[in-house]
Every structure is written in C-alpha cells, then in structure tokens.
C-alpha cells in the first residue's frame, strides 16, 4: 500500500508531503533526485525506483512529480493509476494542477456522484465526440500506421435522477472501448447502446479505439525537403502543407513542430502564412500555420545555419503535426439519439464532433 | 448496477489505497498550504534568524491564541495554517495541546482539520493524543454513519500502541454496524491495527471472515484488501465466498476490483488444474497462432501422458472466474485492465489469453508511466505468446517523442514479435531508428537487428550486410555496437565471412571504444586461420599500444597472442613473448595471473612436446558454443505479471510466489455456499462470445444448484442469511454450529446467540468462557472476569489493568487544556473496560453468560438480565372503527427481538370484530424517520370473524421516541395508517452490576449527564412499592435486590436498546418517619442527555400515581 506521498516541483523542492502510515522522512526523495539528475528529460525518470528499503513510484504531470513511497510488493499500475487520478482530481477541483494552486486550496467536502435532489433551471446535456488521429507517415508520404482514439466527454446538468440512453448509427466501428463506471455494460454487450445514470457535471463517458485494421483517413499531407549540407554550414528547409482526405471540411489550428538536431544554431525561414518561432535552447522550431485552404497551400522555406566544424546531422528530424477539424468525427462515428427516462422534463441535448491530431508524426 | 447515490466520487479511489482514507482528510491535508496570506506570516516568523531564537518558545503564539478563541472562523484559519505547515513538512508538534482540545469542536471543518493534524502527530505525542480518544469513542456511537466512520478512521490511524484494545473493540463493533460505509471503514482499519500490533491477528481473522461474508459490494473490496494484508494464507476463508466474489465483481468499486482479481488469481492457482495440460479440440483452429516451439516445448512432455488421461474438463468455478472478470477489460482503470490481463495470462486456456490483447493495446495510449508498465508486461508475454500481439505489431512502432525507456521496451517487443512474414516490416522500421539522435536507442536497435538476424535464418545475411554497412557510420558508438553484434552473429554462422573479418581488422586502427576493440581482437584470434596475413600484423600494432589499453582489451591482446603463437609460431613467437612480459607487470592482478597460466601452456618449460604443450592448441582453439541472442525478458516469467517484482525483475519485499497448478484439483465442493448460484451446466471449453448474456448476473437469479447441500436455508426465504438460524440449528452437532454462528454473525444478527433467551439453561455454562473471549470483553478484561469473580476486593485492582486510563487528562493537559477536559470528566475513563462493550452487547454472548451466573455479579462486568417485570396490559393501536372492523392492540414484551437485539419487540394482537373473514393482513408502506428500522410482523393470511391472532413486530427506535409510522393493510386494499412510539422506558433493557461499579459509573456520569428531580407523592411510599412502580414504567433491573424496606436508596440499571448506552437510575426515599408530604428524589444518569431527561419525566409521572 502507499505509505507516503511527496509532491515535488521542477526546482526539486518537496512542497507537500502526506503520510498514511508512519512518517517517512523526506530524505527518501534523495534517491529520486539522483535518478532525476541522471535523466536528460523529465519524462526519462524511471517510474519505479528501487531503494534499499522502499520503492518509489512516481508520475510526472503538469511539471510536477508525484512520488509515492511503498514498502512492499504491490501492483505498480495500481499506484500509478491512483496518482494520475489524484492529479485528475486536482484538475477537476482547481481547473489546473500547479504548485501554487495546490498550495492555496482547501477542499473539504466530498463531491458525491449525484447530490440528492439536484435541480437546474436549464436542464442540459452536452456531448463532445472527440477523435484523435495517431499516425506515423514515412518520408515518402505513405502511411506506416494510423489509428483513431476517440472519447465521448459529457457535461450533464440535469435535475433529479435521469436515466439516459445513447445509441449510435454505426456502433460496429468500435474496435475496443472502455467506459465510465456508470455505464451498464450488460446493455452495451447485448444491444450496443450506452445506458447510464450520469454523474452530475463533466466526465468522460467512454473512450474507444479504432485500430490498425480499419482504414483511417489522414487529413493532411506535408511535402518536405530538408537538407543539411556540409561545407560552409548551411542547410535548407522547404515545407508545404496541404489537405488530403478532409471530407469537405477545413483543417484549422494547424501547427508543425520540429525538434532540430543539436548542430542547428538558427533558422532563417519565411512562411507564406502563419508565424514561425525557433527556440535556440530547446532547438524547437514551431510553425503556427492556422487554417489550410486548398487554393493557397501554406509554405515555409529558408535556410538553417549549422555549427561550423561539426559534421552535419545523419538524418532529418521528424515533424510533429497538430490540427483540428470541427464538426467532423473522422471515423464516421455518429450519435443516433439520446433518450432520457426517469424524469419528466424535456432536456436540451447537444452533440458536437471534433477531430484533432493525436500523436501525428511525419518522418523526413 | 451502479448505485449512484452510494458512491462518493472520490472517496472510493482513496479507499483501497489509503491507510487514512482519502475522502476528506487527504485532500484537506494535501491541498492545504497556508491559505494565502497566512502562510506568509508564518514564513516571516521563521525566516528572520534574529527572531528565530529569541522568540522560539513563543513561536506560534498567535496560532495558539486563535485556537483558543471562541470564534470558529479564527480557529479554522489557524488550523488551515497549521495543516499548511504540516503539509510542507515543517514541525508543528508543539501546537499539539492547543490543537487537540479543538477535537470537540462542533464545527465540522475545524474538526476535520484537527483530525488530520492528530493523525500526523499522535505518534509523537502519545500521552496527549489519548485525551482525544474519548471523543472518538463517543462519535463511534453517533447516529450519523459518516461521523461513526470518520471516528473509526481517525481512531485507527492514530498509531499509539496503548489504544490497540480500543481499536479492536471499535472494529468489532463497526463490523456489525448497520451502515455498509462504516463496515467498509472497519475493513480499512484492520490492516492498520495489524501493522500496529501483529499479535491481534487471530481476532482480526475472525473479523475478516465476517466481512468477507458481507453482501454489500461497498464492503467486499475492502474486506478482501484486509484479507490480503493480514492473512493471505488463509485460503479456506475464500472458499465459501468465491462464487459470490465472482458474481459481484463488476459492481465493486474499481480499486477493490484490482485487489480481488489479484487475490482470486492466487486462489485459483491453488484450486484448479492447469487448463493447458492438454489442449482441447476446440483449440485446434487457434494453434497456428502460437509460436510452435513454445507450445511444443511446454506441452510435449505432458502430451504423452495426456493421451491416457481423461479429457480435461474445466472446473465450472474456474470458468466462472474467467467469465466474470472478462467485462472488466473494458474498465477505464488501467490497473483493473492489467489485473484481468495477468489473470488470463496465468489462468486461462491458451486459446483464450488473446482476449486481453485489445485492452492491453488500449492502455498504450495512456500516460507514460502506464505505458512503461504495460509494455514491460507485453515484452514478457511476447517471449511466450507471439501470436497474441502479432496483429498489433504496428502499435509498437517507436515515435520520436517517446521517452527513451519506452523506446527500448518497444524495440524489445518488436524483436520478440518478428517472424518470417513480418521481418521485412520490422527491419524497415529498425532502419529508420538507426538514424535517430538518441544514441542509446540506436545501440539498442543494432542489438535488436542482431537478434532478429540470429532468430530468423532468412534474413541473417541481409542483416549482416546491413550491420557491416554500419561499420562505416560516422558515429563511433554505432560502429562499436555493430562490431559487438557482428562478432556474436559470426559465431552463430557457419560460413566463411572472410571479407567481414578483414574489414573489421582494419577498424582496429581508429575505433576507440574498448568493447568494440576487444570484440575485434577476439574475432581475429578466433578466425586467425582465415586471415593468416593480417592477424600477425594486428598483434604487432597491439603490442605497441598495449600499455594504454583498457583491461578488457589487454585480455584479448593476450588471447590473440596466445592463439597466434600456437597457429603461426614463426611470425609471432617473439611478439607473444613481448606481450606476455608486458602483461606480467600489469597493474591488474587478473591479467598477471592469466599470463602466468598462459605462459606455461604456450611456452612450457620442458619443451613443446611436454604434456601441457600438446594440449595447448586444443585448449585455446576449441570450438566455442555460439552465444544465444535472446530476450532479456525471458526469465521474468518467474514473477507474477504486473507485479512490482516483475517490473523491477527482482524479488520485492512481501512478494508472494504464484503457486503452480496442483496436479489434482482439490475438492471443489468446499465452494458450495449457502447462496444458490446462477450456474449453467459445465462446458468442456469456454466459449465466452456465446455466453455474453450473463456476465454480470448478480445473485438475484436463484436457480439453485446447490440447494441439495443445504436444504434448510432455502426454506427461510431470505437469501442473505449467511448464518441463518436454520443452518446452525439443524442436524449438525452443536459445538461447531455454535462456533460458526459466532464467527460470522452478519450485521443484523440472526445467529444463535441472539436467539438464545436470557435465562439460558445452565448447560450453556461451558460455553461461557469461550464466548466471553469472543466478544464481551475485547478490551482485555475477558480473561480477568473468571478469575476475579471472588469479590469486590479485587475490583479496585481490576480497573488499573488497562494502562493509559484516567491520569492523563489531569496531569498532561496544562493550563489551557483544562476547559476542554470538562467533557472528558463526564465520560468514563477512556479505557474503563465495561463501557466499551456497548453496542453489540446485546447481540452476542452476555445474554448467555448472564444466564449461567446471574447471581454472582462479577466485580467489574455489566451483565444483561431478563426483564424483572413484564407488563401484561394491552394498549390499543387501531380501534375497530378506524380499522373498519379490525382491532389491533399491542404490548411490550420486554424480551429481545429475534431479528435484532437492538429492536424493541412489540406483541400485536389482531381481532376481527366484523362478521366477514379478513385476509392477508400485512405491513404496507413504511414511513420511518432517520435511522429507524422496522421488522415486519408475519402476515396474517386469514382472520376468522371474531377471531384473535397474535404476532410480533420489531422496531429499532434508535434510542429516540420518534414514532414508527406504517400502514397495516388488510385484504389487499384497505390501509390503516398507524403510528407507534415507545415510551423511553421501553427502549431499554435491564442490566445488573455490582454496587461498587454502579457508584463508580454514576460518578463518571455527572454534570450534564445527570438529570435529577423530586416528586411528592400523596403518601409516603415503601421501597417495594417504588420498586414496582419503577419497574412497571421502565425496563430496567433493580440492584441491591434483597435489602428490606429500610433501604432508603434504590438503584436501577439498564442500557438503551440500540446503542447500549448505560442508564443508571437512583431513587432516594425520604426517611421512614418523615411522614406524608416528604419528597422522593429521582436521579437519572445517562450519557445521552435526552434519554436521561425523558426518563426522568416518565418516572416522575409514574411515581405520582
């Protein structure tokens, strides 16, 4: 079982500790700091650290480390999942999870699943069907791997004790799914519909996965030409973004990010649209493109200045892509209808679809 | 299925993890942080070094003042700041006295923060912490379940060894609490008590057994957790609950599910036989999926025997377990999904394990830490079960944004998964990885290529060519890694590969990395016959650089010299001599020793024909076995999948080995429980897709297949009665039945002990001792009770036994804490044993005990006795007019109700005053105020005209005079609303105690807890009259029984039905010669002031009659 919990900021200060059993001195965190200093990146800190007497299991979220101390065998996932749930709870309460927020706040009351006799003047239920496209595109532009991760997030403000039923036009699409505990799994198994008494407020009703077996539409392509020349230390970069399978919608909020190799000192690039920044410390090049129109394809070109003397990089860096398409669920999932039982009033119902990039990577 | 009202949204997640429950105090504790400005002030105090020392003893004075103030908001602010300090890890222990007195605060927010503080510092300030204990004890009897639970939680979190007996009692009480939430909290308290005092194990196991039998899903998860913490070896406790656990699993909160799944995995490995011993015919189509070599090697040995054996039939409980865990794969909780995955991995027939694949792949979308654990598990699974993850190969492709250990894990899995058909895709991926900037990742990729090359013969040459191409890579680490891998590969290859070796020999000139240099030198030495011209030259160069090389390189130079000297002595003998001489004076003793050995082999003292010399060639040039390139996850199998030990690949503290399947299944009938199960006839192989319909079938379907084994229970009609009276009173012989009933009496006790009338026959006396140990006297006086019955002499000594009793409040508190201690005075000394028996006093043994030895009241025990007076007159509940002909009358029988001892039993008498028959008289709708419970009377099916029928109703009034309102329905349509409120005197039960104890108890219940008054009856009553009057009105027992009429003070004792709070009544009579008009004084002492006052009122009216 979890013995103690420490929350550590990126400066390495333990700013909060909590002990469930006997008090373990915070010096146990030194083992964690050792591991932290060995890792180049916060995400490289191993989730489980073995020390002579304790096991430190940690998660890294929102720039904070949540380090729990265990003394004996237990499922690491149990602890990890729990810590993430703690962070989620903080986010629920505070809207965010930062050091100052945690320090400032008190939360003293339980949030019940549903308060008894909830009452709203406007009875509303909103559902967001969010789909994230995960993809790896190889340098020739063909799709190595693509899949869709979908979520149905709800914000339900309904009086009384409503019993909701949601049906889909094409429930067969789902390869795999997981549900909020309020969903009656038996009915899903037999009828493929979601039947549930919603908790009050916002929550994630369902997540689903449409896997590698189905064909996934990739909405954007990136034409790229990056070259690092030997010699005087300059390279060239030329990127063009264009829509591919967008089902008639515009792709918005497009953002390209490239982690440049360490030899790159600076970038002199001009975009035909949007804004470009390059951070010489993290060597992150990011191009905020915005909206992509078929008529005028956004383009970014220019030169890269390389460290003189050092050999040019062996390989080109990968491009991470972000975008959103509103009013569209790229998999074709559609909510058929939503019915409410158990209460007499007529609620206002709304479903919104949105597609965005998940882990979308273009190899160059 | 999910009861939305019962589950606080956050509390469940804490529960199973939490020692201290998360619901309230963690968040307050954790989120606390000085509260804005408050924090700054306190910072300021400490930051200035000058003020630090001078004001040290005055530190926190402002906080103390705030805590002492009478305003709640100031207290709250102070507490917030203090908890903020605690959370920051700053020492706030000197505030303990100031804080702890606020434990009695009425403000719930202040109270919670004080609790949080208390739990943190109780261990350091044990004496002071004891001051607060009585508050919790009182709270444990509060009608509000949340307050009871919270009190228990905090009480059990206080790690002070002296309160162990109190905790034990509190747990014992709470386990039979009406509220499942309190029972759940009791389950959480068990591991805490166990860690505080492992000696309590035996008693705790009994408690756990009770909890495991609990039918509420809220409780079960926590009960299993307690089981796992305290007595995981007691597998026998699980048998009876196994099917229930499987059936309710889906409805349990998610953290409980994890624990239960894990426990059931262990259980199943001891109870069922290996489903893969013999593959059933149903598996046939699946076979090609699995790696051939694996399935063969595993089942080959057993197959031969298997032919002779009877075909494997899965135990239906085994099938039930698999079936009921499967829906949990859809849980949103990664730990639950992983739990099910490992259960299938360890328990399911080979063909079914792949059911978990999709869900595991889904977890890969989760947070990095989750990915890491899941990938480790998958890596380990893929060494055995390739086929499972084959279709998801692409999910393991590496992204540039993955963290490095995730990348390595994915690489491992890709390598494990690669087959002839997929190798081309895998290799193409590997190719892109080699260009990565992350050098450790590149090195791992090269090793992975090497493994693919050695595992899959088709691609060996391609890979080798690829690796050779890497030898000209600009990055040295890439080259070095390639060299090492090529070396290994060449060893496994029979071919010539002269070109490659020559290429590598050339590399020695500029490659710096020792491991690579050593590998090259070894290769040259080993295959020196293939490059006879180059090898001596390499040795020449090495001899020059020898002294600057690393140890591993030096060793290989020496090896190379020896081998060359044996194959090509003309060219190299001198060089070898030279190298040996250098090595002889090397700082490394290992090297010096080796050279000494080699010199004697290669240059034997007695010439080349010596015996050693003859064998030297065979020793050095022997064919070496090729290294096997295999997954580093191969040996992780020894650990349970998903466990901490598995993840760190080392045995963690407290790791429990997963038992190997027994050869013969143990008796499956032990799992037949009282509860009939929804079971289908056994099926040879599971076909889950077709059985979807009844996954989460709860026990509501009562097609009993077990009914033959316990016919008696089916008659009772109440499926919940685990220890229903039918069972224990049936044919089984008496002794074990008694034990059983005692051990797992469910909350509303229906066990035998409650059934036994107070005046039990003396044949029960043999049971007395054991019973007392079980429950009466958990606080430690149980063993005393027998030996100290000899009289009041020892009574003074007895209370001294529990160590931390009264003295603490007086001395330790200091000036400030005096006022808070007022309340303490009015409560019996914290450890005074007797009072602690309370709330289930009636349920368990004392009833029997008193029957055996009623007269010799033990010095320090309070014993239940039967009513000394039972009123016989009936009162009317429904008159014939309002009841349309039905008359109902009632009287209080003052006997314990059979359903629950907390209930007042009311005898009803129904009379039909009409000329028609009345049918079906039963209780209709009940409208009960908070906490009241009502046990309906048995329906009267037919009441003939003019006839009268009796029946009994039970009402738990919760120590209040609230009326129980309900409808009596006749003939299915006519309803008569009735309201039944018992006078205070009827919700008591009589107890006896020694005079001495009575006086002490009374002394402890002074002040607010004493209600007194006087009445002036018309004529001076005699003591016996008064006694009669009192007993008629109030169900108590008269003490000091046989003193005659000259006794001027009468004493009566009882306790309330529901909470068992002690009630002491003293009636003072005027002197016999005082004449008429003298006042009679009545005093009632009771912890519950309301009860006391109302009793007083009733008594006064009664005495005026």
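Structure summary
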| quantity | calculated |
| --- | --- |
| Subset of region B:499-517 (residues that are in a helix (DSSP H, G or I) and in contact (Cβ under 8 Å) with a residue 12 or more places away in the chain) | B:500, B:501, B:502, B:503, B:504, B:505, B:507, B:514, B:515, B:516, B:517 |
| Selection status of residue A:49, modelled with pLDDT of 90 or more, more than 7 Å from chain B (Cβ to nearest Cβ) and under 27 Å from residue B:375 (Cα atoms) | yes |
| Boolean, residue B:625 is modelled with pLDDT under 75 and part of a loop (DSSP other than H, G, I, E, B) | no |
| Residue A:363, sole failed condition from (1) crowded, with 19+ Cβ neighbours inside 10 Å; (2) modelled with pLDDT under 90; (3) more than 14 Å from chain B (Cβ to nearest Cβ); (4) under 29 Å from residue B:432 (Cβ atoms) | (3) |
| All strands (runs of 3 or more DSSP E) inside region B:908-959 with 2 or more residues being under 19 Å from residue B:977 (Cα atoms) and more than 47 Å from the chain's Cα centre (by Cα) | B:918-927 |
| Helices (runs of 4 or more DSSP H) wholly inside region B:154-238 containing at least 2 residues that are within 14 Å of chain A (Cβ to nearest Cβ), without any contact (Cβ under 8 Å) to a residue 40 or more places away in the chain and surrounded by fewer than 24 Cβ atoms within 10 Å (Cβ to Cβ) | B:180-196, B:217-230 |
| Residue B:205 closer than 23 Å to residue A:72 by Cα, over 11 Å from the mean Cα position of the chain (by Cα) and modelled with pLDDT of 90 or more | yes |
| Region B:616-652, subset surrounded by 12 or more Cβ atoms within 10 Å (Cβ to Cβ) and over 30 Å from residue A:73 (Cβ atoms), residue nearest to the other protein chains (Cβ to nearest Cβ) | B:629 |
| Out of B:912, B:879, sole residue that is touching a strand residue (DSSP E or B) at 6+ places or on another chain (Cβ under 6 Å), more than 30 Å from residue B:145 (Cβ to Cβ) and at pLDDT 80 or above | B:912 |
| Residue, farthest from the other protein chains (Cβ to nearest Cβ), within region A:6-20, restricted to residues that are closer than 18 Å to residue B:157 by Cα and outside any loop (DSSP other than H, G, I, E, B) | A:19 |
| Subset of region B:328-351 [within 8 Å of chain A (Cβ to nearest Cβ), touching a helix residue (DSSP H, G or I) at 6+ places or on another chain (Cβ under 6 Å) and assigned to a loop (DSSP other than H, G, I, E, B)] | B:333 |
| Only listed residue being free of Cβ contacts under 8 Å to residues at least 40 places away in the same chain, within 11 Å of chain A (Cβ to nearest Cβ) and more than 24 Å from the chain's Cα centre (by Cα), chosen from B:123, B:109 | B:109 |
| Some residue of region B:384-406 being at pLDDT 90 or above, within 14 Å of chain A (Cβ to nearest Cβ), within 29 Å of residue A:41 (Cα to Cα) and touching a strand residue (DSSP E or B) at 6+ places or on another chain (Cβ under 6 Å) | yes |
| Selected residue [over 30 Å from residue A:29 (Cβ atoms), in a helix (DSSP H, G or I) and free of Cβ contacts under 8 Å to residues at least 40 places away in the same chain] from B:74, B:130, B:95 | B:74 |
| Given (1) under 24 Å from residue B:355 (Cβ atoms); (2) more than 9 Å from every other protein chain (Cβ to nearest Cβ), index of the condition residue A:183 fails | (2) |
| Residue match in region A:198-212 (condition: exposed (fewer than 14 other Cβ atoms within 10 Å of the Cβ), at the interface with chain B (Cβ under 9 Å from one of its Cβ atoms) and either within 23 Å of residue A:127 (Cα to Cα) or in contact (Cβ under 8 Å) with a residue 12 or more places away in the chain (or both)) | no |
| Test: residue in region A:21-42 that is assigned to a strand (DSSP E or B) and either within 11 Å of chain B (Cβ to nearest Cβ) or surrounded by fewer than 23 Cβ atoms within 10 Å (Cβ to Cβ) (or both) | no |
| Strands (runs of 3 or more DSSP E) wholly inside region A:251-291 that include at least 2 residues being more than 14 Å from every other protein chain (Cβ to nearest Cβ) and touching a helix residue (DSSP H, G or I) at 6+ places or on another chain (Cβ under 8 Å) | none |
| Flag if residue A:56 is over 20 Å from the mean Cα position of the chain (by Cα) and not assigned by the TED database to the domain that holds residue A:201 | yes |
| Yes/no for residue B:861 being buried (at least 23 other Cβ atoms within 10 Å of the Cβ) and either modelled with pLDDT under 80 or touching a strand residue (DSSP E or B) at 6+ places or on another chain (Cβ under 6 Å) (or both) | yes |
| Residue within region B:658-675 that is under 21 Å from residue B:265 (Cβ atoms) and either modelled with pLDDT under 55 or within 10 Å of another protein chain (Cβ to nearest Cβ) (or both) present | no |
| Residue within region A:76-85 that is facing chain B (nearest Cβ under 9 Å), assigned to a helix (DSSP H, G or I), farther than 28 Å from residue B:441 by Cβ and free of Cβ contacts under 8 Å to residues at least 60 places away in the same chain present | yes |
| Single residue of A:190, A:142, A:109 found to be modelled with pLDDT under 85, over 22 Å from residue B:333 (Cβ atoms) and within 13 Å of chain B (Cβ to nearest Cβ) | A:109 |
| Qualifying positions in region A:52-61 - more than 10 Å from every other protein chain (Cβ to nearest Cβ) and out of contact with any helix residue (DSSP H, G or I) (no Cβ under 7 Å at 6 or more places or on another chain) | A:52 |
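The values are calculated or read from the model by the stated rules, or taken from the named source; none is laboratory data. Just so it is clear, the model here is predicted, and its values are computed rather than measured. In this analysis, Cβ positions are derived from the backbone assuming ideal geometry, glycine residues included, and neighbour counts consider all displayed protein chains.
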